[in-house]
Structure formats: structure tokens, C-alpha cells
Amino acid sequence: MYMITRKDFLKKSSMIAVGGLLIPSFLRADNSTPKIFGNKEFKPLVSGKPLVIATWDNRKATEAAMNKMKSAGTDLQSGTSLDAVEAGARVPEADPEDHSVGYGGYPDRDGFVTLDACIMDEKGNAGSVTFLQNIMHPVSVARKVMEKTPHVMLSGDGAYQFAIEQGFKKENLLTEKSRLAWEDWKKKNNYIPVGEKNHDTIGILAIDERNNISGACTTSGWAFKMHGRVGDSPILGAGMYVDNEVGGACATGTGEFVMKTLGSFLCVELMRNGRTPQEAVEEAIHRIVKRYDYKDIQVGYLAINKKGEHGAYSIKPGFVYALNQNGENRKLDAESFVK
Ligand code: SD4
């Protein structure tokens, strides 16, 4: 377990004096080669930014996000990290073969596909939708909540009505394949939502060339969950969190444990106090395994800091992630608590 003393903190977040002002190290321009901790094999080539990272093998999403950033004009409005994470999250949302997100997501135990998503930009603006049905792109609805309403979160029918008003189309998201999987589950499981095995939720974080960080997270949640269940993914600070002074983090896995430890916020606060992204995600996983029976659950975290360093860690082996950085779009294995 790490204990941070004031001395450690001052050492880790070394300060420099500029014009009589003390500036913490994370606010300094830093052109040094970033260290990559999430996968010990991976060495960055040139510089760390822009970068996109996403849970699971979401390389198509990290590619779409990076393309968005590359298309940035000089207007400061286009190709932002916010555009990038939205574009990336929309990829699995529209993919019928991804059974944890959007279209083709597994339904709840009553056969309804109910979706959760959130998004957050570098200014600390945030939007979220929970328990949204019949709309393929909840991440884009979450962005509209952020940009067009005075609220942060809309839920259920209210979120749906808002989406329709904003021009989103009503669509049936339950594919034949997912319906058959649900029929099969019903036969075997006696209507009891037990340990989730199917994880493919996307949490995605990006830093653009202006050094701004945004994040998003979108999911159909725990397969065959109870009707009305909402997970961590739309909860700011649980499924995803960004603080542009420090970094960002996102989660995947059994959301109940992410919510109970407010994992993404925790990662960002740990980085604020001087931890590397890898130290932060490891500590966030340790909070879960110290307190809860982790035998039947998987949780994975990703975190990035302002230097373009990242961390990745999970409870069990098998958590992979996609990293698009320095012209390479790679699938990498995260380290895990259980070896
Ligand atoms: C949830 N965290 O709803 C999500 C599930 C998940 O890949 O990550 N699945 O609890």
C-alpha cells in the first residue's frame, strides 16, 4: 500500500519558479519522451501526443478518434479531443457484433436493451445519459445534454424524449443474435443476474495537439441485468473522469465495484498527488481487492496524464486495451493483480 507524505508529494510534483510563481511540474510544457507503464514491452517512438487509448480491443475506435484529431483545422473548434472521443465511442455503438455497447448490446433480463454513456471535456463540462432505450448513439446524446441543457444527466424516458427532440432516430437495438443469447440465458439462469462474463464496454480517453484531454464511456451494461439497473459507465468519476490539469481515467468491468470506489476520480486524484498513471490504476484496483470479494469479478482501469504517459491494470488477466500513439495503433495486454 502506498502512503503519500507531504514530503513525497512535494518531491513528486516538483515545482519550478517562473516569474516569482511556483508552477507544479504537471503544468509545465514537457517535451521529453513519455514513459509507458501500462505494458512493459511497449516503447514509444517519438513524442506522446496526440494519443487515444480505449478499453478492450477497440482499435477501430482509437483509429476513428485519431483520424478526427488529425483532421483538425486551424479554427480551434475542429478535431478536438472531445470530437475524437465521441467519434471513437460511436464505432462500437454502431457495431452489432459488440454485445456490450449500443446496437447489438445484450438486453436486460426482460429483453430491453438499455444504454448508459457519459462524456467530459477539457473545461470540465460533462454530459451523461442512463437507462436510455432505442437510440443507437448514447454518447452523442450525452454530448447534447452537456452542450444544450443546464443539466449533467438525463435518464430513461426523459433522455429518450430529449434525444428525439435533438433529431436522433428511434431504432430497435436488439439484434437477432442478442435476442437468441438472451433466450438461451433465460433457459439456463432462472432469471437471476449472476456474475458478468461479457465485457467489451468502451472507455476512451484522448489528448489532442493542443494538449487538451477529453473522455467518454458507453455501454449496454451488465448482460441480462435487472430492469432499471444502471452501472458505472454514465457516472462521472466512476466510469470515466477527466481533469485537464492532471489527466483522465476510465473503467470497464463490473460497475458496482467501480461505483463503490469511485475509481476514475480516484485515479485522477492519485495522479494529482504525484502518482504515475500506472501507480494510480494499480492503487484503484487495490482499493477493490482489499475491500471486496473479487473472486468473480473483473475490473480494468486505464489512465493517462498530461505528459502522454498511460497506465493499465485489472483485477484478473485478460484485460486488453487499444493505444494509438506515435503513429501506431496497437492492442496491448494490461498487467493484472491476479497473475
Ligand atoms: C457496467 N462497466 O455497466 C459496465 C460493464 C462493462 O464491459 O464494462 N462491460 O457495469
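Conditions (1) part of a helix (DSSP H, G or I); (2) within 12 Å of the ligand (Cβ to nearest atom); (3) at pLDDT 95 or above, marked per residue:
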residue: 142; (1), (2), (3): yes, no, yes
residue: 157; (1), (2), (3): yes, no, yes
residue: 168; (1), (2), (3): no, no, yes
residue: 218; (1), (2), (3): no, yes, yes
residue: 231; (1), (2), (3): no, yes, yes
residue: 245; (1), (2), (3): no, no, yes
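So in the stretch 198-216, with the set limited to residues that are within 13 Å of the ligand (Cβ to nearest atom) and in a loop (DSSP other than H, G, I, E, B), which one is modelled with the highest pLDDT? Walk me through how you get there before you give the answer.
Looking only at the stretch 198-216, we keep the residues that are within 13 Å of the ligand (Cβ to nearest atom), and these are 198-204.
Keeping just the survivors that are in a loop (DSSP other than H, G, I, E, B) gives 198-201.
Working: 198: 71, 199: 78, 200: 87, 201: 95.
Once the filter is applied, the top-ranked residue is 201.
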**OP:** Could you check, for the stretch 252-266, whether at least one of its residues is buried (at least 21 other Cβ atoms within 10 Å of the Cβ), away from the ligand (no atom under 12 Å from the Cβ), within 10 Å of the chain's Cα centre (by Cα) and among the aliphatic types (A, V, I, L, M)?
**Re:** no
Subject >> Per-region count, the stretch 110-140, residues in contact (Cβ under 8 Å) with a residue 40 or more places away in the chain, not basic (Lys, Arg) and not in a strand (DSSP E or B) >> reply: 14
Original post:
Among (1) touching a helix residue (DSSP H, G or I) at 6+ places or on another chain (Cβ under 9 Å); (2) away from the ligand (no atom under 16 Å from the Cβ); (3) open to solvent by less than 60 Å² (accessible area, probe 1.4 Å); (4) under 24 Å from residue 304 (Cβ atoms), which single condition is residue 124 missing?
Top reply: (1)
Subject >> Tally of residues being open to solvent by 10 Å² or more (accessible area, probe 1.4 Å) and out of contact with any Lys or Arg (no Cβ under 8 Å at 6 or more places or on another chain) across the stretch 308-331 >> reply: 6
**OP:** Show the residue pairs that are 6+ apart or on different chains and have beta-carbon atoms under 6 Å apart, the first residue being within the stretch 202-226 and farther than 20 Å from residue 121 by Cβ, the second being in a strand (DSSP E or B) and away from the ligand (no atom under 12 Å from the Cβ).
**Re:** none
Original post:
With respect to residue 90, is the statement that it is among the basic types (Lys, Arg), within 21 Å of residue 128 (Cα to Cα) and at pLDDT 85 or above true?
Top reply: yes
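The values are calculated or read from the model by the stated rules, or taken from the named source; none is laboratory data. Owing to the predicted nature of the structure, the values given are computational and were not obtained by experimental measurement. Note that we place each Cβ from the backbone using ideal geometry, even for glycine, and neighbour counts take in every protein chain shown. Each accessible area value is taken on the protein alone, full model and side chains, heavy atoms only, with ligands, DNA and RNA left out. Shrake-Rupley method; radii C 1.70, N 1.55, O 1.52, S 1.80 Å.
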